[in-house]
1. Only one of (1) open to solvent by 10 Å² or more (accessible area, probe 1.4 Å); (2) over 19 Å from the mean Cα position of the chain (by Cα) is not met by residue 300, so which one is it?
2. Quickly run through segment 319-334 and pick out the residues that are open to solvent by 10 Å² or more (accessible area, probe 1.4 Å) and within 20 Å of the chain's Cα centre (by Cα).
3. Give the residues of segment 229-251 that are surrounded by 21 or more Cβ atoms within 10 Å (Cβ to Cβ), in contact (Cβ under 8 Å) with a residue 40 or more places away in the chain and hydrophobic (A, V, I, L, M, F, W, C), sorted by residue number.
4. Consider only pairs whose beta carbons are under 8 Å apart and that are at least six residues apart or on different chains; among these, list those whose first residue lies in segment 477-500 and is of a type in the set (Val, Ile, Thr) and whose second residue is assigned to a helix (DSSP H, G or I).
5. What are the residues in segment 122-159 that are open to solvent by less than 40 Å² (accessible area, probe 1.4 Å) and in a loop (DSSP other than H, G, I, E, B), if any?
6. With respect to residue 283, is the statement that it is assigned to a helix (DSSP H, G or I), touching a His at 6+ places or on another chain (Cβ under 8 Å) and either under 25 Å from residue 169 (Cβ atoms) or open to solvent by less than 30 Å² (accessible area, probe 1.4 Å) (or both) true?
7. Scan 532, 502 and give me the residue that is open to solvent by less than 70 Å² (accessible area, probe 1.4 Å) and touching a strand residue (DSSP E or B) at 6+ places or on another chain (Cβ under 8 Å).
8. Among the candidates 60, 84, 109, 119, which residue alone is open to solvent by 20 Å² or more (accessible area, probe 1.4 Å), of a type in the set (A, V, I, L, M, F, W, C) and outside any loop (DSSP other than H, G, I, E, B)?
Amino acid sequence: MSQSDQTHTMPAGVAVTGEAVTGTNEILTPAALAFLADLHRRFDATRRRLLALRVERQKAFDQGQTPDFLAETKHIRDGDWSVAPIPRDLLDRRVEITGPVDRKMIINALNSGAKMFMADFEDASSPTWANMVEGQLNLRDRWQKTIDFTDPTSGKHYKLSERPATLIVRPRGWHLLEDHVTVDGEPMSGSLFDFGLYVFHNAKAILTQGATPAFYLPKMESHLEARLWNDVFTHAEEVLGVTKGSFKATVLIETLPAAFEMDEILYELREHMAGLNCGRWDYIFSFIKRLGKNPAFLTPDRGAMVMGKAFLRAYSLLLIKTCHRRGAFAMGGMAAQIPVKNDPAANEAAFAKVKADKEREAGDGHDGTWVAHPDLVPVAMEVFDRLMPGPNQLDKRREDVQVTRENLLEVHEGTRTEAGLRENIRVGVQYIEAWLRGRGAVPLYNLMEDAATAEISRAQIWQWLYHGAALDDGRTVTPELFKALLDDEMATLRGVLGAAVYDKGRFPEAIKLFADMSLAKEFEEFLTLPAYKLIA
């Protein structure tokens, strides 16, 4: 740790290399670091082994194999079992808002009128050291009822309302590291860092206040990864002296392999399970990533891949049926639209899209949904209040739904266009540039984008380049075409933003990273892995 006076209190084998930031002394206490070290020593080897299994599985996909339901777990899919009872404060989740863990955002989200707020250490946050540590301090202050904020520019004061939303925390995925804390010379898992600090500082306070330590768990690819989370939960509960099963998880089904193991994921976490969520944007990314070398799964423009059709429709219906059979909630996906200022017609059109999306979800049987902006809370709330008069829809068993392996692998119809290619370039580079400056939730073209958007953008370009895909005008997607469009889009963007703003940003690094990953011979698992090296 930069504060040398704390070195002598460090637990053996633990080093903190991050500089002193707001919250360091309160959050990274010797006792908290000892708790983290215990999690690392018990569980990190398994985490690394499971990540290696992802790599092996990808080799099979690259050779033409496609995902399927597991023969060895058929007895779980066919079995008659349910998840443990869900706590009272998680029974009505009709509208959830998501956002990063900075102080003002947390207060606004908790006061938004949504039933739940997912405080996100993952895709909606850039994992700078300051963001991660200060985020923990902010969440601790929420449970100590001391969270407030005064905007230094406007002087406006923000404080928590009398009835804030229920808080759910999303730690980083198993693949991400926290390089600023090492245990026995190895960097910590970002998952264990985020989860560990939150429960160490808050679990008892949360339970004392009659609430639930609740989590969203991202990016899982198998029930074995869910088993690891369950083991982590159980061990942490035991060490902290809280009742087994106190921690509850909602798992994002946002990878293609996980869609074939939903029953098994519910089963592994059955004592800690609250539900599954349709993580639609990352799911599209995963579909392209896992099947990217197979020409049978060449995707059309991203805009053609809508939730109501093809593999996205199939997996959302299967998720509802699977969850409700087991007594777990089936959460809908994100409405990324944000208000369009100074354009009433465009704003009305955006809100109409959200309403239609939420009507589909509520009509299908989802128990709630996500929005990215407080102004969309009432839009989604009206739909679910109208179509879901009870607190949830567990009684909608959807036994009429029959989803096959083929349904889960059905590609959307549609064309590939220069406009689609340009949009991927424009959005992908701008998101990465903002992420490098410490922002994880970025408003772009009237949508609130997170890391999944940039992942889809570069994955789709990589896939089109790999297969030499044909555009609707007859041209082939080549490295030369990509580079020409990239140069043109960035020149246009510099003109739109203004040279002073553009040149002050981190565009050269963002452009290089986006281009390198799009043009790479082999597909990089996650954009955030090399990008993290640029901010760590």
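The values are calculated or read from the model by the stated rules, or taken from the named source; none is laboratory data. As the structure is a prediction and not an experimental result, all values here were calculated from the model. As a convention, Cβ positions derive from the backbone with ideal geometry for all residues, glycine included, and neighbour counts pool all protein chains shown. Surface areas here come from the heavy atoms of the whole protein model, side chains and all, with no ligands, DNA or RNA. Shrake-Rupley method; radii C 1.70, N 1.55, O 1.52, S 1.80 Å.
1. (1)
2. 334 - this is the single residue of segment 319-334 that is open to solvent by 10 Å² or more (accessible area, probe 1.4 Å) and within 20 Å of the chain's Cα centre (by Cα).
3. 229, 232, 236, 247
4. Filtered contacts from segment 477-500: 477/421; 477/461; 477/464; 477/465; 478/465.
5. Selection gives 122, 123, 124, 125, 126, 127, 128, 147, 151.
6. Values: assigned to a helix (DSSP H, G or I): yes; touching a His at 6+ places or on another chain (Cβ under 8 Å): no; either under 25 Å from residue 169 (Cβ atoms) or open to solvent by less than 30 Å² (accessible area, probe 1.4 Å) (or both): yes.
No: the conditions fail for residue 283.
7. Working: 502 fails: touching a strand residue (DSSP E or B) at 6+ places or on another chain (Cβ under 8 Å).
Every option except 532 fails the conditions.
8. Numbers: 84 fails: outside any loop (DSSP other than H, G, I, E, B); 109 fails: open to solvent by 20 Å² or more (accessible area, probe 1.4 Å); 119 fails: open to solvent by 20 Å² or more (accessible area, probe 1.4 Å).
60 is the lone residue from the list that is open to solvent by 20 Å² or more (accessible area, probe 1.4 Å), of a type in the set (A, V, I, L, M, F, W, C) and outside any loop (DSSP other than H, G, I, E, B).
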